[in-house]
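The values are calculated or read from the model by the stated rules, or taken from the named source; none is laboratory data. These figures come from a predicted structure and were not determined experimentally. Don't worry about glycine lacking a Cβ; one is built from the backbone with ideal geometry, like all the others, and counts go over all protein chains shown.
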Ligand code: SF4
């Protein structure tokens, strides 16, 4: 198989759907952790193809959405520091903070630039030696190694005007926090392929062994997601709980040792705040001492004000998997992609955005 079009094979998909329909006798609630999977599920109408026994719920795997309001406000405030160029992925621009957004700050004159990778941010620093360039480090284990690589390159090249505000998060601790909260009952977890490509599939083992929940790692094409659901249903029907890999073309059991090494050289785990979930032990990445000179948090006085609550927005509950977008009174009314109230409506990986864009009729 050489091309994606070969993989988006109708016969293959129909076969997987038929298998799910015939084998799913027990009612099950499956969570897709990752916003990329949420996007695939809505874009290709996968929920509508599933039997009534299989219920999908979206998890907290959208890095923009889970950025805590206080962190978001500090990121926006960093744009106002004199002689700073703030660089960020595009998704962050329109996320409303408590008082303003990066887009509004840019319109008001702040130097905020969208980049496609941390390497672009580093290049911006090299091209503007009289400015300080801060990159907003948002993302999971997938993004953190690329940010670490940019730090290692800055160190090697002696670039002293490049900094990162590290708001990176790691996935397993937040899944544990959700399961320990007792708020949701899950029968299976669709695990993110790109995170697992870096970490290896072993990071999900505790979910199967300690919580008895089947896990399947998979990719982002419709047959990938269907195959994962089919494998989860099969495990549930057999009464098993193990980690399986439906994405062997992208994920090895030991992950990507080079990426892991870079991430571990630059960052260490620390507690982190998640929107709607709160502080989660060892779920964030902060700079190791040897690299603190690149840490925007340590180098700059970033102004902070207490975050304000967005009245009516249920992003927190949606990220915990306990509410659906249709439960939010603002969905499709006061909150749309053109005028978002919460981050779940802004990000391309946000659940509210996926519901809205793909016209989910049973949004509630
Ligand atoms: Fe928040 Fe808007 Fe989603 Fe409601 S519809 S939960 S306000 S993002």
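At a glance:
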item: In region 254-264, the residues that are surrounded by 14 or more Cβ atoms within 10 Å (Cβ to Cβ) and outside any loop (DSSP other than H, G, I, E, B); result: 259, 260, 262, 263, 264
item: Pairs with Cβ under 6 Å, 6+ apart, first in region 285-312 and closer than 17 Å to residue 78 by Cβ, second outside any loop (DSSP other than H, G, I, E, B) and within 16 Å of the ligand (Cβ to nearest atom); result: 307/69
item: Residue satisfying condition, being near the ligand (Cβ under 7 Å from one of its atoms) and closer than 22 Å to residue 92 by Cβ, within set 337, 343; result: 343
item: Count of region 272-281 residues which are touching a helix residue (DSSP H, G or I) at 6+ places or on another chain (Cβ under 8 Å) and buried (at least 19 other Cβ atoms within 10 Å of the Cβ); result: 5
item: Residue 251 part of a strand (DSSP E or B), surrounded by 21 or more Cβ atoms within 10 Å (Cβ to Cβ) and touching a residue at least 24 places away in the same chain (Cβ under 8 Å); result: no
item: Failed criterion for residue 282 (all others in (1) closer than 30 Å to residue 44 by Cα; (2) in contact with a strand residue (DSSP E or B) (Cβ under 8 Å, 6 or more places away or on another chain); (3) touching a residue at least 40 places away in the same chain (Cβ under 8 Å) hold); result: (1)
item: Helices (runs of 4 or more DSSP H) wholly inside region 9-79 containing at least 2 residues that are modelled with pLDDT of 95 or more and over 23 Å from residue 171 (Cβ atoms); result: 69-78
item: Enumerated helices (runs of 4 or more DSSP H) restricted to region 114-218, each holding at least 1 residues that are within 30 Å of residue 81 (Cα to Cα); result: 118-127, 144-157
item: Selection from region 315-334 of residues that are surrounded by fewer than 24 Cβ atoms within 10 Å (Cβ to Cβ), under 19 Å from residue 70 (Cα atoms) and within 8 Å of the ligand (Cβ to nearest atom); result: 317
item: Residue that is farthest from residue 19 (Cα to Cα), among those in region 233-248 that are surrounded by fewer than 18 Cβ atoms within 10 Å (Cβ to Cβ) and out of contact with any helix residue (DSSP H, G or I) (no Cβ under 7 Å at 6 or more places or on another chain); result: 248
item: Residue tally, condition within 22 Å of the chain's Cα centre (by Cα) and loosely packed, with under 13 Cβ neighbours inside 10 Å, over region 282-308; result: 0
item: Residue tally, condition assigned to a helix (DSSP H, G or I), surrounded by fewer than 24 Cβ atoms within 10 Å (Cβ to Cβ) and more than 9 Å from the ligand (Cβ to nearest atom), over region 346-364; result: 1
